[in-house]
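Following: one structure in structure tokens, then a few remarks.
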Amino acid sequence: MINAIIDIAPQLARGLSITISVLLASAIFAYLMAFIAGLCRLSQNTIIRKFTGLYVEVFRGTSLIVQLFWLYYAVPMLFGIQLGSNWWIGVIAIGLNYGAYLSEVVRGSILSVAQGQTEAATALNMSSFQRMRLIIFPQAVRMMLPEFGNYTIQILKGTSLVSLIGMTDILYYGDIMRSSNLSQAPLVYLLVLVFYFILALPLIWLTRKGESISRKGVAS
Amino acid sequence: MSEPIVKFQDVHKSFGDINVLKGINLDINPAEKVAVIGPSGSGKTTIIRMLMTLEEPTSGDIIVNGTNLWKMEKKGDMVRANEKHLRQVRGDIGMVFQHFNLFPHMTILENCMTAPIHVKKETKEEVRERSIQMLDRVGLGDKLNNYPSQLSGGQKQRVAMARALVMRPKIMLFDEVTSALDPELVGEVLEVIRDIAKHDDMAMVLVTHEMDFALDIADKVLFLDEGVIAEQGTASQVIEHSTNERLQGFLHRFRK
Ligand SMILES: Nc1ncnc2c1ncn2[C@@H]1O[C@H](COP(=O)(O)OP(=O)(O)OP(=O)(O)O)[C@@H](O)[C@H]1O
Ligand SMILES: [Mg+2]
């Protein structure tokens, strides 16, 4: 048993760099999309609002795997666009998908800052941009932190899908180990779980931290 | 006699089907202290919210310092004011709210400093000094780096006043600033208002249920009832010698 673990663990560890790099890149991309789309959905401009609404509903309403396959197989064939290496395609698909979910968090947080805050800022003669930048947004961000933490943990789990488009992440090496020695399957997948859980630990800790920050310093 | 700093000219306001204000005419002179009293729902808050540009009148004009607040000239026509016009005119007006509305993510010093720095583009040093002075004046000089959540209601309201005063408004609006406070904290807030009223030469409009206080500091008292100013005059005229029956009924309920 111990021997088997010593055998398998280093193999799985070879996938760490892909899992971690896809996690970091797609999380950053998702956050970016979340803020852009979340703010666009609050825009005065109907076209911008409707268009972002469409993006959010399409990406929330369909599954990540299908989106991944679309970007990997369908888009290049249909439109002749090469989106980049499969690493990039994984990052883009995961980023767009979770960006859609997180944009709702951004929008909801901004809307839930108390109306009185906007009024006090107006009474101090701030412009609408200053109200957003100095008063509403900083409070909204505090409220977003816990949800951003939760979704980042989801993103970590989502990264395992990139093994389906040939990326050599932790799950990919797990599959290889299993196919070379079927009797080890339970142990292999147990170790895969342990790997993901260990990666999730700092995210869980950050989420807790975010929760305690968001509990103070917000008017609602 | 100088020009009024604020004029309401036949101002109406309705929310949907409810006509809340039905023709308000009112002059406020520079440095004048005006108390607004009246039953709940009579539109007291609405009047000062329109002056603060938080609520748009349905019709009529509000003139601030000679400029129409809610309308601006465009190619010879008077059209609805845009954000830029509102910003130009409301710079002279400050407001203190019933529920304080302090910025919870900032210390109380930052609460005071933010607007002068970003809105009036004053230097940080200058604003800092003035903010500390102002917080000292309202008795909170020792709490500069506390957050609003660490203060009592009375302290919060005093910060809100300092925050408004640092902007040096010519007109200050107070909307029942003591009614969300525990009774034992009301006194300290009224004391600060009294101090401002006696020593600063800005115009003040106070919506209040504190009759004795109104009697003490107001140059003019308005009794708002059923959408109009039913009675106005000096504090003693309105509060002590009026013959208006509804006003007497209203006052009676306050002085058991
Ligand atoms: N945003 C709004 N939408 C709909 N109705 C409103 C709105 N604001 C005020 N009203 C209504 O307008 C009327 C006047 O409200 P206002 O707050 O000005 O009264 P008030 O004299 O300040 O009362 P109080 O003493 O209770 O504070 C009330 O009937 C209120 O319900
Ligand atoms: Mg009111």
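Placing +1 on the Cβ of every Lys and Arg and -1 on the Cβ of every Asp and Glu, with nothing else charged, gives the protein assembly as shown a dipole about its Cα centre of roughly 1380 debye. Partner shielding of B:101-109 amounts to 6, given as the average count of beta-carbon atoms from other chains within 10 Å of each residue beta-carbon. How far, in degrees from 0 to 90, does helix A:16-40 lean away from the longest principal axis of the Cα atoms of chain A, to the nearest 10? That works out to roughly 20 degrees.
Computed with a 1.4 Å probe over protein heavy atoms only, the accessible surface of chain B comes to 46 Å² per residue.
Based on the alpha-carbon gyration tensor of region A:2-215 and its eigenvalue square roots a ≥ b ≥ c, which shape applies: rounded if a/c is under 1.5, prolate if not and a/b is larger than b/c, or oblate? Since a/c reaches 1.5 but b/c is at least a/b, the shape of region A:2-215 is classed as oblate. Electrostatic tally near residue B:233: other residues with Cβ closer than 12 Å to its Cβ, Lys and Arg +1, Asp and Glu -1, net -2. Considering only B:13, B:74, B:220, give the residue with the highest GNM mean-square fluctuation for chain B, with springs between Cα atoms whenever their separation is below 10 Å. It is B:74.
Among A:67, A:139, A:82, whose mean-square fluctuation peaks in a Gaussian network model of chain A (Cα, cutoff 10 Å)? Result: A:82 has the largest fluctuation of those listed. Using a 1.4 angstrom probe on protein heavy atoms only, which residues from region B:112-139 are buried by at least 20 Å² of accessible area when all chains are present rather than their own chain alone? For region B:112-139, once contacts with the other chains are taken into account, B:114, B:115, B:118, B:119 lose 20 Å² or more. Other residues whose C-beta falls under 14 angstrom from the C-beta of residue A:184 contribute a net charge of -1, scoring Lys and Arg +1 and Asp and Glu -1.
Residues within the reach of a label modelled at residue B:31 (point 7 angstrom out along Cα to beta-carbon, backbone nitrogen below 19 Å), restricted to region B:146-182, are B:168-173. Dipole orientation for the protein assembly as shown: of the candidates B:171, A:112, B:103, A:112 has the Cα lying most toward the positive pole (charges on Cβ; Lys, Arg +1; Asp, Glu -1). Efficiency by 1/(1 + (r/R0)^6): what FRET value for residue A:24 and residue A:81, r their Cβ-Cβ distance, R0 = 35 Å, to the nearest 0.05? That pair, residue A:24 with residue A:81, gives E of 0.90. Between residue B:133 and residue B:61, the contour length at 0.36 nm per residue exceeds the alpha carbon distance by 22.2 nm.
Can you give me the relative contact order of chain B as a percent, contacts being Cα pairs under 8 Å and 6 or more apart?
This gives 25 percent for chain B.
When the Cα positions of A:85, A:6, A:97 are compared along the charge dipole of region A:2-215, A:97 comes out farthest toward the positive end, with charges on each C-beta of Lys, Arg, Asp and Glu. Listed values for region A:202-209 are Karplus-derived 3J(HN,Hα) couplings in whole Hz (6.51 cos²θ - 1.76 cosθ + 1.60, θ = phi - 60°), namely x, 5, 4, 4, 5, 5, 4, 4, and x replaces Gly and Pro. Principal semi-axes of the equivalent ellipsoid, √(5λ) from the alpha carbon gyration tensor of region B:82-144, are 22, 15, 11 Å from largest down. For region A:157-220, the solvent-accessible area of protein heavy atoms averages 57 Å² per residue (probe radius 1.4 Å; ligands and nucleic acids excluded). Between chain A and chain B, roughly 1900 Å² of accessible surface gets buried, counting both sides and using a 1.4 Å probe. In this rough spin-label picture, where each label sits 7 Å from Cα along the Cβ direction, the residue A:17-residue A:42 distance is 4.1 nm. Output the 0 to 90 degree angle, nearest 10, between the alpha-carbon long axis of helix A:86-112 and the longest principal axis computed from the alpha carbons of chain A. Computed tilt is about 30 degrees. Find the relative contact order for region B:1-88 and round it to a whole percent, using C-alpha pairs within less than 8 Å whose residues are 6+ positions apart. For region B:1-88, the relative contact order is 29 percent. Within the listed set B:38, B:154, B:139, the Gaussian network model of chain B (springs between alpha-carbon atoms below 10 Å) gives the highest mean-square fluctuation for B:139. Using a simple spin-label model with pseudo-atoms 7 Å out from Cα toward Cβ, residue A:168 and residue B:9 lie 8.1 nm apart. Couplings for region B:173-181, taken from phi via the Karplus curve 6.51 cos²θ - 1.76 cosθ + 1.60 with θ = phi - 60°, read 10, 10, 9, 6, 6, 10, 7, 9, 9 Hz in order; Gly and Pro are left as x. Accessible area of region A:2-215 with a 1.4 Å probe: how many percent of it is carbon plus sulfur? Carbon and sulfur together cover 69 percent of it. Applying the Karplus relation 6.51 cos²θ - 1.76 cosθ + 1.60 with θ = phi - 60° to region A:123-133 yields 3J(HN,Hα) values of 5, 8, 6, 6, 6, 5, 5, 5, 4, 5, 5 Hz, where x marks Gly and Pro.
The values are calculated or read from the model by the stated rules, or taken from the named source; none is laboratory data. Fair warning: this is a prediction, and the values are worked out from it, not measured in the lab. Neighbour counts are summed over all protein chains in view; Cβ atoms, including those assigned to glycine, are modelled from backbone coordinates with ideal geometry. Just the protein is used for accessible areas: all its heavy atoms, side chains included, with ligands, DNA and RNA removed. Shrake-Rupley method; radii C 1.70, N 1.55, O 1.52, S 1.80 Å.
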